[in-house]
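Worksheet for the structure shown next.
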Protein chains: 2
Amino acid sequence: MTANRLSLNQKTTNSWSLREAVDGCVQSGLNSIGLWREPVHEVGLSAAARMVADAGLRVSSLCRGGFLTTDDPEAARKAIEDNVRAIEEAAELAAACLVLVVGGLPDGSRDLPGARDRVARALDILVPRAADHGVRLALEPMNPIYCADRGVLSTLGQALDLAEQYPAKHVGVVVDTFHVWWDPEVLPQIARAGARIFGFQVCDWITPLPADTLLARGMMGDGHIDFRTLRAAVDAAGYDGDIEVEIFNADIWAADPGGVLETMKNRYAEHVEAR
Amino acid sequence: MTANRLSLNQKTTNSWSLREAVDGCVQSGLNSIGLWREPVHEVGLSAAARMVADAGLRVSSLCRGGFLTTDDPEAARKAIEDNVRAIEEAAELAAACLVLVVGGLPDGSRDLPGARDRVARALDILVPRAADHGVRLALEPMNPIYCADRGVLSTLGQALDLAEQYPAKHVGVVVDTFHVWWDPEVLPQIARAGARIFGFQVCDWITPLPADTLLARGMMGDGHIDFRTLRAAVDAAGYDGDIEVEIFNADIWAADPGGVLETMKNRYAEHVEAR
């Protein structure tokens, strides 16, 4: 891994096309980018893979697979199909991992253990497919604010309990500061994760929380998270991969993406980079 | 404990005075009320205690003490003084417990372990005072959505780790479904809590989350929480006290309080009451 581990997750510069994001990374001296499937589809998978490779960028992650909690058999079948496609895409893009946002409760359901169990059953099917393609699946434990509607894996410990049922080279976790910063167990669980840390994403927890909680993430330094402690723990656990900045925030999305990228670099140096 | 364990937390009928809330409970056949300090202060402590006792109501909790995380020595001294007053009030009101919302990060601080440690140091001072007055302190673990600005105790397990440093008759927890429902460890931690469960509060997690997250709680049945499983766990742990409905929600506060109380009774019977 090179010295520059900072990676731009495309979502942070949401108004940029893939071409613009790739060019932005190159102009800013970044060596890595975190991709999303939708903008990749817009240019086509092979063209996207070439574009990123030609620019000399690593793909720190592909976002995202998952949404595996449905209790409808037909919807479940389609979800598996879509995740298999995501695995194939991650392979062609040579992504360091495929991020899995596992999904929330089905409409009208209050059966949280059932939803969590269906994630495990889906992984039973997907893990061999990922292994076939040499793709690493990164389970994303999500802040409990999203438990009902987005991700029923709520803690790093819970994600690791699930990941550890599969080979360490195929199933791990992505540690996102926004999701895990509050967890009293976060440091020992990061140590436990070790080689199963497939990705590390940073953004801040800001207050008051924006009205749309899906767009509640802040630029590093604007909120309450002690990044350097988390980053040191991830380093100590042996993770030497890229560090992605992934921010969902309406104000940041409305700003000039080039300026956002510069701010991101500065804030990364100030708040995240090892001293 | 009588058969009717349903208690109205005053906050649910926020526009009612203490007199109105007490009368509403009596007219609805409730035997218990959860009080807040501010409306108690409005009528005076002794008058409030008489009003509730004359109506034959139990006081299921007094809300609230806490806010013990400041890193300013003078503010910390004032917080202790205020909590001692809250203890005295809980004693005069014969409240089953004094709920402690421990506080968030001080302004500009990112030192979460430090804030958590200051809560413990404050308890070292407050627990003997509570014991003197025969008052039970109920630590409230809060949904991580509030970790930064309201309560740095984020899980039931973490609250119990702290409570267990003190005698079980003086320091316990309040289990609030809104705060703990997502926790993969919630059932074993409720079992662990046992006699340290000093209170049980119910309200629902609704999506989309209202814009003001401090008013994000829903009426039972309007959201995603499986109350009966949590209630069965609390029962099995040996808790036989009152079950408070505590809802912070602008729409519910704007509705007719008498109607809210009736809805609350019906929803409690439908979603919470043991079958």
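The values are calculated or read from the model by the stated rules, or taken from the named source; none is laboratory data. Note that the structure is a prediction, hence the values are computed from the model and not measured. Please note: Cβ atoms are built from the backbone with ideal geometry, for glycine as well, and neighbour counts cover all protein chains shown. The area values use the complete protein model at the heavy-atom level, side chains included, leaving out ligands, DNA and RNA. Shrake-Rupley method; radii C 1.70, N 1.55, O 1.52, S 1.80 Å.
The contact residues of region B:143-162, meaning those that lose at least 40 Å² of 1.4 Å-probe accessible area when all protein chains sit together rather than their chain alone, are B:Pro144, B:Ile145, B:Ala148.
Over all pairs of different C-alpha atoms, the protein assembly as shown has a mean inverse distance whose reciprocal, the Kirkwood radius, equals 24.7 Å.
In a Gaussian network model over chain A where Cα atoms closer than 10 Å are linked, find which of A:Asp212, A:Asp235, A:Asp222 has the largest mean-square fluctuation. Comparing A:Asp212, A:Asp235, A:Asp222 in a Gaussian network model of chain A, the most mobile one is A:Asp212. The mean count of C-beta atoms from other chains within 10 Å of the C-beta of residues in B:207-214, rounded to a whole number, is 6. Taking max minus min of the alpha-carbon positions on each principal axis, chain B gives extents of 46, 42, 36 Å, largest first. All alpha carbon pair distances within region B:190-275 were sorted into 10 Å bins beginning at 0; the resulting P(r) in whole percents reads 17, 45, 30, 7. Taken about its Cα centre, region B:139-275 carries a charge dipole of about 320 debye when Lys and Arg each add +1 at the Cβ and Asp and Glu each add -1 at the Cβ.
Would you work out if region A:76-171 is rounded, prolate or oblate? Take a ≥ b ≥ c from the square roots of the eigenvalues of the alpha-carbon gyration tensor; rounded if a/c is under 1.5, else prolate when a/b is larger than b/c, oblate otherwise. It is prolate, given that a/c is not under 1.5 and a/b is the larger ratio. Accessible surface area normalised per residue over chain A is 37 Å², counting heavy atoms of protein chains with a 1.4 Å rolling probe.
Taking a ≥ b ≥ c as the square roots of the Cα gyration tensor eigenvalues, with a/c under 1.5 meaning rounded and otherwise prolate when a/b beats b/c, else oblate, which class fits region B:97-239? It is oblate, given that a/c is not under 1.5 and a/b is not larger than b/c. With the charge dipole of region B:122-224 set up from +1 on Lys and Arg Cβ and -1 on Asp and Glu Cβ about the Cα centre, the Cα lying farthest toward the positive end among the listed residues B:Gly194, B:Tyr146, B:Phe178 is that of B:Gly194.
Residues with amide H under 5 Å of B:Ser60's amide H, sequence separation 5 or more or different chain, H placed in the peptide plane at 1.01 Å from N; which? HN-HN under 5 Å from B:Ser60: B:Ile33, B:Gly34, B:Leu35, B:Ala96.
In region A:77-119, the residues that give up 20 Å² or more of accessible area when the other protein chains are added, compared with the chain on its own (1.4 Å probe), are A:Leu105, A:Arg110, A:Leu112, A:Arg116.
Of the residues A:Met51, A:Pro73, A:Ile33, the one whose Cα sits farthest towards the positive end of the charge dipole of region A:1-124 is A:Ile33 (charges of +1 on Lys and Arg Cβ, -1 on Asp and Glu Cβ, taken about the Cα centre). The alpha carbon centroids of region B:21-65 and region B:88-167 are separated by 23 Å.
Computed with a 1.4 Å probe over protein heavy atoms only, the accessible area of B:Leu30 comes to about 10 Å².
Which percent of the accessible area of region A:213-275 is formed by carbon and sulfur heavy atoms (probe 1.4 angstrom)?
Carbon and sulfur: 49 percent of the exposed surface of region A:213-275.
3J(HN,Hα) along region A:157-163, derived from phi through the Karplus expression 6.51 cos²θ - 1.76 cosθ + 1.60 where θ = phi - 60°, amounts to x, 5, 4, 6, 3, 6, 4 Hz, with x in place of Gly and Pro.
Taking a ≥ b ≥ c as the square roots of the eigenvalues of the alpha-carbon gyration tensor, region A:1-124 is classed prolate because a/c is 1.5 or more and a/b outweighs b/c.
Per residue, the protein assembly as shown reaches -13000 deg cm²/dmol at 222 nm when only DSSP H runs of four or more residues are counted, each adding -39500 (n - 2.57).
Using the Karplus relation 6.51 cos²θ - 1.76 cosθ + 1.60 with θ = phi - 60°, the per-residue 3J(HN,Hα) values for region B:240-257 come to 10, x, 6, 10, 8, 9, 10, 10, 9, 6, 4, 5, 5, 5, 7, 7, 4, x Hz, with x marking Gly and Pro.
Which residue fluctuates the most in chain B, going by a Gaussian network model with Cα springs under 10 Å, if the choices are B:Ile247, B:Ile225, B:Ile197? It is B:Ile225.
Roll a 1.4 angstrom probe over the protein heavy atoms and tell me the percent of accessible area of region B:104-193 that is carbon or sulfur. It would help to have the intermediate numbers written out before the result.
Working: 1470 of 2950 Å².
Answer for region B:104-193: carbon and sulfur cover 50 percent of the accessible area.
Using heavy atoms of the protein chains and a probe of 1.4 Å, the accessible area assigned to A:Lys169 is about 140 Å². Using Cα pairs under 8 angstrom and six or more residues apart, how large is the relative contact order of chain A, in percent? Reported as a whole number, the value is 19 percent.
For chain A, modelled as a GNM with alpha-carbon contacts under 10 angstrom, which of A:Gly108, A:Gly194, A:Gly24 fluctuates the most? Most flexible of the set in this elastic network: A:Gly108. Ordered by solvent-accessible area of protein heavy atoms (1.4 Å probe), largest first, the residues A:Arg50, B:Arg110 come out as A:Arg50, B:Arg110. Taking Cα centre as origin and charging only the Cβ of basic (Lys, Arg, +1) and acidic (Asp, Glu, -1) residues, the dipole magnitude of region A:1-112 rounds to 440 debye. Quick one: net charge of A:Thr213's neighbours, Cβ under 12 Å, K/R +1, D/E -1? Residues close to A:Thr213 contribute a combined charge of -1.
Here the dipole of the protein assembly as shown is about 920 debye; that uses its Cα centre as origin and unit charges on the Cβ of Lys and Arg (positive) and Asp and Glu (negative). Between chain A and chain B, roughly 2300 Å² of accessible surface gets buried, counting both sides and using a 1.4 Å probe.
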